[in-house]
Each structure stands twice: as C-alpha cells, then as structure tokens.
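The block underneath contains the structure these notes are about, expressed in structure tokens.
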Ligand code: RIB
C-alpha cells in the first residue's frame with residue numbers, strides 16, 4: 001500500500017499583526033517569516049513524520065522552489081512526482097494575531113498549472129488499494145478523482161479551502177472526507193453553527209464515505225453508517241493555528257492505516273494538532289510520531 005498526496009506546495013509569507021488588516025486600512029506588520037506550506041505539502045509531511053512512506057505529487061515554479069523540495073526531502077517525502085513549471089510557485093499571504101488566529105490569501109501559481117498528462121503520468125505508478133490524499137488547492141481534481149477511482153485507489157478528500165468548485169467534485173467517491181464546519185456548511189447547506197446537523201446531513205448524503213468533522217476548539221467528530229464518535233481538543237497555549245488541520249488529517253489517516261480504531265485515530269490526531277498549534281509555521285510545526293507519544297505519556 002502506497003500513500004500519494006496530490007496537492008499544493010506554497011511558500012507561506014507569515015505576517016505577525018495586532019489584528020487582521022481591515023478594508024481601506026494600511027497597517028505595519030510586526031514581523032515577517034517565510035515557511036514552507038500548502039495544504040498538500042503539510043499533509044505529506046504529517047504522513048511522513050508519522051512514519052509512513054509518502055509520495056508527493058504536484059507542481060512548483062522552476063526558479064523559486066528549492067526550499068519546498070528540500071523541506072519535503074528532509075521530512076523523508078518522495079519528491080519524484082513534483083513537476084517544475086514556468087512561472088512562480090504557489091504562495092500564501094498569512095496574517096497571524098497574538099491569539100494565534102490566522103487569515104490566508106492564496107496565489108495558486110504552479111499549483112494550478114497541472115495538466116492531464118501530468119496526472120496520467122503520476123497515477124500510472126499507483127494501483128488498487130493505494131491511498132490518494134487530496135485537498136482543494138490544485139486544478140484537475142475531478143479528473144484526478146475519476147482516474148484514481150477507476151484504478152481502485154482509496155480516496156481521502158480534505159475539501160479545503162471551501163469554494164463553489166467543491167460542489168462539482170464527485171464527493172461520494174471519497175472513502176474518507178475530512179473537513180471543518182465551514183467546508184461542511186458549503187457542502188451540506190446546513191449552517192456552520194449546527195455541527196450535528198452538518199454531520200448527519202453529510203452521512204445521509206454520502207453513505208459510503210467516512211466523515212470526519214473538525215470543529216476548532218470544540219474538537220472533532222466522526223460519522224459513518226450508525227457509528228458516531230467525538231473527541232475533545234487537548235488544551236495548549238496557542239501560538240499559531242496554521243497547518244493544524246493538515247496535521248490532524250495526516251495523523252488521523254496515518255493512525256487508521258496503522259490499524260488503529262477510529263477513537264484512537266481521533267485522539268492521536270487531536271494530540272498532534274495540539275502540538276502543531278503550540279508552535280509557529282505550518283509544515284515546521286508538525287510533530288513526529290514520537291513527539292506525539294511523549295505528549296500522550298506526559299498526560300496530554
Ligand atoms: O492549511 C494551511 C495552509 O493553507 C498554509 O500552509 C497555506 O499555504 C495554505 O495552503
């Protein structure tokens with residue numbers, strides 16, 4: 001069984017701010033730091049740091065991507081399926097507040113210049129039973145899902161960020177859908193404040209899909225057929241929430257693929273996400289499996 005994360009790679013420009021810049025406001029930031037990010041790259045690193053051999057597929061700019069490739073290699077991710085394209089890599093402008101909240105503005109760059117030939121080449125190396133992990137920051141996602149499904153791959157979909165394009169995806173083909181309440185609202189049409197309603201709407205509409213709903217400070221919930229279970233968060237001092245959802249996704253699936261129960265997987269993912277929010281940056285904040293075990297042994 002091979003794990004393929006087909007997703008974005010971004011250079012994150014992280015600005016420390018007192019508050020998010022308002023319409024019409026010009027504001028000085030307190031600090032700027034560059035990190036490797038992108039939901040795809042972060043999730044690849046989460047899988048690799050949790051001990052799985054992981055392949056990353058996607059696209060970067062030919063001239064500005066060394067740091068992205070190096071970061072993946074350093075984490076042990078296989079990078080041979082990353083294409084280099086003309087023009088810039090994707091990037092994100094991220095504001096973070098002293099409370100650890102963030103707002104993210106994306107520029108897709110090379111992430112959105114994948115071709116069907118790129119997709120065919122990559123998927124030609126994977127087959128029945130392999131696991132495909134997708135987010136919503138690259139182009140050609142419907143085609144990737146269609147080809148992966150035809151090849152018998154298992155599909156893990158994190159439909160993030162949520163926009164109208166999500167509704168055009170063959171969502172019911174996902175074996176696992178891992179999403180937050182904002183994405184849940186877009187897909188289910190149920191208000192983000194009604195978490196129970198979102199979960200039951202998604203379970204009803206996608207009966208073959210295991211749904212994992214992340215709810216920020218309210219923890220997470222899992223639903224599939226007649227089974228529903230919940231997991232609270234682990235309280236830590238919040239430094240930066242960027243990448244916490246990606247850490248959760250990687251660690252939840254990693255635990256499931258190790259044969260752990262859903263309850264154990266939710267718990268491990270919550271501990272990993274807690275460690276991630278206690279550190280700055282996206283990919284740089286993702287813990288290793290042994291750090292998560294240490295956290296558990298210290299009582300969480
Ligand atoms: O989920 C966090 C990520 O979202 C950041 O690393 C940023 O690049 C955006 O993709």
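The values are calculated or read from the model by the stated rules, or taken from the named source; none is laboratory data. All of these numbers come straight from a predicted model, not from anything done at the bench. No Cβ is skipped: glycine too gets one built from the backbone with ideal geometry, and neighbour counts run over all protein chains shown.
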**Asked** Can you spot a residue in region 283-292 that is within 15 Å of the ligand (Cβ to nearest atom), touching a strand residue (DSSP E or B) at 6+ places or on another chain (Cβ under 8 Å) and at pLDDT 95 or above?
**Response** no
**Asked** Out of all the residues in region 179-200, is one or more in contact (Cβ under 8 Å) with a residue 60 or more places away in the chain and at negative phi?
**Response** yes
**Prompt:** For the subset of region 115-154 comprising residues that are within 16 Å of the ligand (Cβ to nearest atom) and surrounded by fewer than 23 Cβ atoms within 10 Å (Cβ to Cβ), which member is nearest to residue 40 (Cα to Cα)?
**Reply:** 136
**Tally of residues being under 16 Å from residue 139 (Cα atoms) and in contact with a helix residue (DSSP H, G or I) (Cβ under 7 Å, 6 or more places away or on another chain) across region 88-119** = 6
**Item:** Condition met for residue 128 (within 12 Å of residue 6 (Cα to Cα) and in contact (Cβ under 8 Å) with a residue 12 or more places away in the chain)
**Value:** no
**Message:** If I filter region 93-108 for residues that are surrounded by 15 or more Cβ atoms within 10 Å (Cβ to Cβ) and farther than 24 Å from residue 17 by Cβ, do I get at least one hit?
**Reply:** no
**Message:** Cβ contacts < 8 Å: first residue without any contact (Cβ under 8 Å) to a residue 12 or more places away in the chain, restricted to region 71-98; second residue away from the ligand (no atom under 16 Å from the Cβ), any location; separation 6+ or different chain. Result?
**Reply:** 73/79
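So, restricting to strands (runs of 3 or more DSSP E) that lie completely within region 44-102, which ones have at least 2 residues that are within 15 Å of the ligand (Cβ to nearest atom) and under 16 Å from the mean Cα position of the chain (by Cα)?
Answer list for region 44-102: 54-61, 90-96.
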**Asked** Which condition does residue 19 not pass, out of (1) over 22 Å from the mean Cα position of the chain (by Cα); (2) part of a strand (DSSP E or B), if it passes all the others?
**Response** (2)
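Please give the helices (runs of 4 or more DSSP H) falling wholly within region 164-257 in which 2 or more residues are surrounded by fewer than 17 Cβ atoms within 10 Å (Cβ to Cβ) and away from the ligand (no atom under 16 Å from the Cβ).
Values: elements: 181-188, 195-205, 244-257.
It comes to 195-205.
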**Message:** Looking at region 264-275, can you tell me whether even one residue there is out of contact with any helix residue (DSSP H, G or I) (no Cβ under 8 Å at 6 or more places or on another chain) and surrounded by fewer than 19 Cβ atoms within 10 Å (Cβ to Cβ)?
**Reply:** no
**Asked** How many residues does region 8-30 contain that are in contact (Cβ under 8 Å) with a residue 12 or more places away in the chain and on the phi > 0 side of the Ramachandran plot?
**Response** 0
